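One structure is given here, and the rest of the page talks about it.
The values are calculated or read from the model by the stated rules, or taken from the named source; none is laboratory data. Since the structure is predicted, the reported quantities are computational estimates derived from the model, not experimental observations. Backbone-built Cβ (ideal geometry, glycine too); neighbour counts: all protein chains shown.
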Number of protein chains: 2
Amino acid sequence: MEALRKAILEQGKGIGDNIVKVDMFLNHRLDTGLIFDMGRELADYFRKDAPDLVLTVEASGIAIALTAAHFLGDIPVVFAKKAGTSTQSADMYTAVAHSFTHGNDNTLRVDRRYLPAGSRVLVVDDFLADGQASHALISIAEQAKCVLAGVGIAVEKGFQPGGRQLREAGVNLKSLAIVESIEDGKIKLAED
Amino acid sequence: MEALRKAILEQGKGIGDNIVKVDMFLNHRLDTGLIFDMGRELADYFRKDAPDLVLTVEASGIAIALTAAHFLGDIPVVFAKKAGTSTQSADMYTAVAHSFTHGNDNTLRVDRRYLPAGSRVLVVDDFLADGQASHALISIAEQAKCVLAGVGIAVEKGFQPGGRQLREAGVNLKSLAIVESIEDGKIKLAED
């Protein structure tokens, strides 16, 4: 996706050989117009797969999930929580995702009532690296006896195994931009 | 706001005399159409105050903040983080907010680069109860020498002091719905 590629190359920063810092438009400050364009692009790609809800994880996935859901006809979004709260139901689907960014394990939780069996679920997230979050969300969708319509990602780190593993497993995956490598602070993107 | 009032009264649940459970449309599952209507309503209210960025806090504030920002002309959103990560800048504005829901203190953090001095900041959040999160966001805006354009809230708990304190301090506050009381599981709303 051209607008996202441009934002990554012009504003993003490569740190070390692993970190793609895009928090100036994607996951701390949000470039609202770009987020909407990304949501529209994901919606256009997955419309044929007829998702009837979007599943993501707090916090950075919410904005892209919401705009994708909007352009898919205002279908609902469910976002998995990372921490328990006093107002949550005890009746949750859970799956563990290790976060390499935060250096910890997160137990993702979704209230069972919000994932009706048979729903066609589109998983959306801002990043795909080792695939931990995506696998956890797919596991939750499977526990709920939902159908996986696809996985839509803003930025895939192509040099980490998550994307390859999902494609090899036959998952309908669309990444709006794929980072091929980071060298000397310079981010190199795969061709569209 | 009529659509939000209807959703609270028909779907929301009162728990004890304090908890307004609306996670079936506002902060776990998102009713996408309703979230967009809420963002439009906040944008219409605050347009005269000419905000040029929306400031919120992860995770539940993001959806409403993004839609409000969209209807204000795709102005940027900045969401405060609750936890440090390996990719964050060390150069952050911080403010502490106690969460009565989670029973802990959160240090909200915003990268200094994303709050330019002189910006007209609209603070948006899903809930206003004791006002801890709003006060922390206002403090961060003040630290950044921004101008507070207003505070837009989805659901205010009118029986807790946050809203009253902000109004008495002269803050331009708009709550889309105000819960007056919870009795025997029944939520009572203030008149619009």
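Values for this structure:
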{"item": "Single condition B:Ala90 does not satisfy, out of (1) part of a loop (DSSP other than H, G, I, E, B); (2) at the interface with chain A (Cβ under 8 Å from one of its Cβ atoms)", "result": "(2)"}
{"item": "Per-region count, region B:1-21, residues in a loop (DSSP other than H, G, I, E, B) and either within 9 Å of chain A (Cβ to nearest Cβ) or surrounded by fewer than 19 Cβ atoms within 10 Å (Cβ to Cβ) (or both)", "result": "3"}
{"item": "Selection count where residues are closer than 27 Å to B:Phe36 by Cα, of a type in the set (A, V, I, L, M) and modelled with pLDDT under 90, scope region A:56-93", "result": "1"}
{"item": "Members of region B:100-120 found to be of a type in the set (Ser, Thr, Tyr) and in a strand (DSSP E or B), listed by number", "result": "B:Thr107"}
{"item": "The listed residue being modelled with pLDDT of 95 or more, away from chain A (no Cβ under 14 Å) and not in a helix (DSSP H, G or I), out of B:Val155, B:Val123, B:Val96", "result": "B:Val123"}
{"item": "Within region B:126-156, considering residues that are of a type in the set (D, E, K, R) and touching a strand residue (DSSP E or B) at 6+ places or on another chain (Cβ under 6 Å), the one farthest from B:Glu58 (Cα to Cα)", "result": "B:Glu156"}
{"item": "Residue satisfying all of: in region A:163-186; free of Cβ contacts under 8 Å to residues at least 24 places away in the same chain and assigned to a helix (DSSP H, G or I); farthest from A:Ala65 (Cα to Cα) among these", "result": "A:Glu168"}
{"item": "Long-range neighbours under 7 Å by Cβ, at least six apart or interchain, first residue in contact (Cβ under 8 Å) with a residue 60 or more places away in the chain and at the interface with chain A (Cβ under 7 Å from one of its Cβ atoms) within region B:62-75, second surrounded by 22 or more Cβ atoms within 10 Å (Cβ to Cβ) and assigned to a loop (DSSP other than H, G, I, E, B)", "result": "none"}
{"item": "Extreme residue, surrounded by the fewest Cβ atoms within 10 Å (Cβ to Cβ), among residues of region B:22-61 that are more than 7 Å from chain A (Cβ to nearest Cβ), without any contact (Cβ under 8 Å) to a residue 40 or more places away in the chain and of a type in the set (Gly, Ala, Ser)", "result": "B:Ala43"}
